[in-house]
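The values are calculated or read from the model by the stated rules, or taken from the named source; none is laboratory data. Fair warning: this is a prediction, and the values are worked out from it, not measured in the lab. Using ideal geometry, Cβ is built from the backbone for each residue, glycine included, and neighbour counts are taken over all protein chains shown.
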Amino acid sequence: MKGLGTNEKTLIDVLTQRSSGQRQLICKAYQEEAPGKTLVEDLEGDNHGHFEDLLVALVTPPVIYDCQEVTKAMKGVGTKDSVLIEIFATRSNKQMKEISDAYLKQTEKKLTLDLKKETSGEFAKAILILAEGKRDENTQVDAAKAKEDAKTLYNAGEKKWGTDESKFIDILCQRSIPQLRQTLVEYKTISGKSLQESIEGEMSGDLEELLVAIVKCVKNVPAYLAERLHQGMKGGGTDECTLNRIMVSRSEIDMLDIRAEFKKLYSYSLHSAIEVRLHPLTHTLTPTPIMRRTIGPASSGFGRCRPSL
């Protein structure tokens, strides 16, 4: 990991063509080969910028990486609520418990207590429910309950002056995903609008963003994340942190689906978007090559990547 050129290419080739589990074995073998050193420490010492961030993310266990992203979102002046929303809206109860456990181990603090300090109002209430992993996991759909919940949401928003945000929070943050899918159908029948349209018309700020994110994830998590990637690459700059986070955390979950949804939504591939948006002068050393590899996740065997779109 010294010098330029070939070694960076080697890092990209090796790390992006291995599964997360295989990369952890590489980390262990590296430490055995060079006692007193870790692969993470050497990657941080010999690389820089977003390239370094992406390499380190690749060799970090997924739950630890999620924990670090949550921690960074709450550090400094102002909490990066969009990062918390993206992570909390797309993780399962089990994953949230693992993040909370990792947070306690790394910081010696409870995640929920720090979230209470960093967030406020109805947004805090909603984010804490998600952090505590309170979503029902029953896969059976209760059609009558879906109609009842849809009516409750309609009465709490569209039908009244003002909005009872607590009703939206209780239902959207705690009902099972299959149950919420049916509730969305029933709501459209009652209201004539989609629930997303009603939330956007009735609410604002972080709570609106969170509840809309949940609705989008109920319908299609890959499409929501494709939209997040697109948002990170439009306008005057590129949000490499969002690109890194989504592509690393989803590379072995639903990256192929995210790519397909991206192309469906925007009529061009995620590959081409990354190549256009990242600075041409930094293509050889910063994320473009490694991101292109990360988009095609490693299969269960060594050195095999899925084909690109």
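For segment 104-122, what are the residues that are assigned to a loop (DSSP other than H, G, I, E, B) and either surrounded by 13 or more Cβ atoms within 10 Å (Cβ to Cβ) or under 20 Å from the mean Cα position of the chain (by Cα) (or both)? If you could, list the steps in order and put the result at the bottom.
Taking segment 104-122 and keeping what is assigned to a loop (DSSP other than H, G, I, E, B), we get 108-110, 119-120.
Passing the criteria: LYS110, THR119.
Within segment 166-176, can one find any residue that is without any contact (Cβ under 8 Å) to a residue 24 or more places away in the chain and over 24 Å from THR90 (Cα atoms)? No: zero hits. Selection of segment 180-205 for residues being more than 30 Å from GLU252 (Cβ to Cβ), assigned to a helix (DSSP H, G or I), touching a helix residue (DSSP H, G or I) at 6+ places or on another chain (Cβ under 9 Å) and not aliphatic (A, V, I, L, M) yields THR183, GLU186, TYR187, LYS188, THR189, SER191, GLU197, SER198, GLU200, GLU202, GLY205. Please determine whether any residue of segment 294-307 is surrounded by 17 or more Cβ atoms within 10 Å (Cβ to Cβ) and either part of a helix (DSSP H, G or I) or at pLDDT 95 or above (or both). Yes - at least one qualifying residue is present in segment 294-307.
Exactly one residue out of LYS28, LYS37, LYS94, LYS80 is surrounded by fewer than 19 Cβ atoms within 10 Å (Cβ to Cβ), among the charged types (D, E, K, R) and under 14 Å from the mean Cα position of the chain (by Cα): that is LYS80. Residue count for segment 195-215 under the criterion of being under 19 Å from GLN179 (Cβ atoms) and without any contact (Cβ under 8 Å) to a residue 40 or more places away in the chain: the result is 2. Any chance segment 227-240 includes a residue that's in contact (Cβ under 8 Å) with a residue 60 or more places away in the chain and either touching a strand residue (DSSP E or B) at 6+ places or on another chain (Cβ under 9 Å) or outside any loop (DSSP other than H, G, I, E, B) (or both)? So far as segment 227-240 goes, yes, one or more of its residues are in contact (Cβ under 8 Å) with a residue 60 or more places away in the chain and either touching a strand residue (DSSP E or B) at 6+ places or on another chain (Cβ under 9 Å) or outside any loop (DSSP other than H, G, I, E, B) (or both).
The number of residues in segment 226-271 being hydroxyl-bearing (Ser, Thr, Tyr) and exposed (fewer than 15 other Cβ atoms within 10 Å of the Cβ) comes to 2.
What about LYS72, is it under 16 Å from the mean Cα position of the chain (by Cα) and among the basic types (Lys, Arg)? When the stated conditions are applied, LYS72 passes them. Going through (1) farther than 23 Å from GLY205 by Cβ; (2) among the hydroxyl-bearing types (Ser, Thr, Tyr); (3) in a helix (DSSP H, G or I) one by one, THR139 falls short only on (3). From the list ILE169, ILE127, the lone residue that is part of a helix (DSSP H, G or I), assigned by TED's automatic domain parsing to the domain that holds GLU98, buried (at least 17 other Cβ atoms within 10 Å of the Cβ) and β-branched (Val, Ile, Thr) is ILE127. Is one or more of the residues making up segment 15-27 farther than 29 Å from LEU111 by Cβ, part of a helix (DSSP H, G or I), of a type in the set (Ser, Thr, Tyr) and not assigned by TED's automatic domain parsing to the domain that holds GLN174? The answer is yes; a qualifying residue exists.
What are the residues in segment 166-197 that are closer than 18 Å to ILE127 by Cα and acidic (Asp, Glu), if any? The one that is closer than 18 Å to ILE127 by Cα and acidic (Asp, Glu): ASP170. What is the residue count in segment 46-103 for residues that are closer than 20 Å to GLU118 by Cβ and outside any helix (DSSP H, G or I)? Counting residues in segment 46-103 that are closer than 20 Å to GLU118 by Cβ and outside any helix (DSSP H, G or I) gives 8.
One residue is enough: does segment 61-75 have a residue meeting the conditions of a type in the set (S, T, N, Q) and touching a residue at least 40 places away in the same chain (Cβ under 8 Å)? Checking segment 61-75: not a single residue is of a type in the set (S, T, N, Q) and touching a residue at least 40 places away in the same chain (Cβ under 8 Å).
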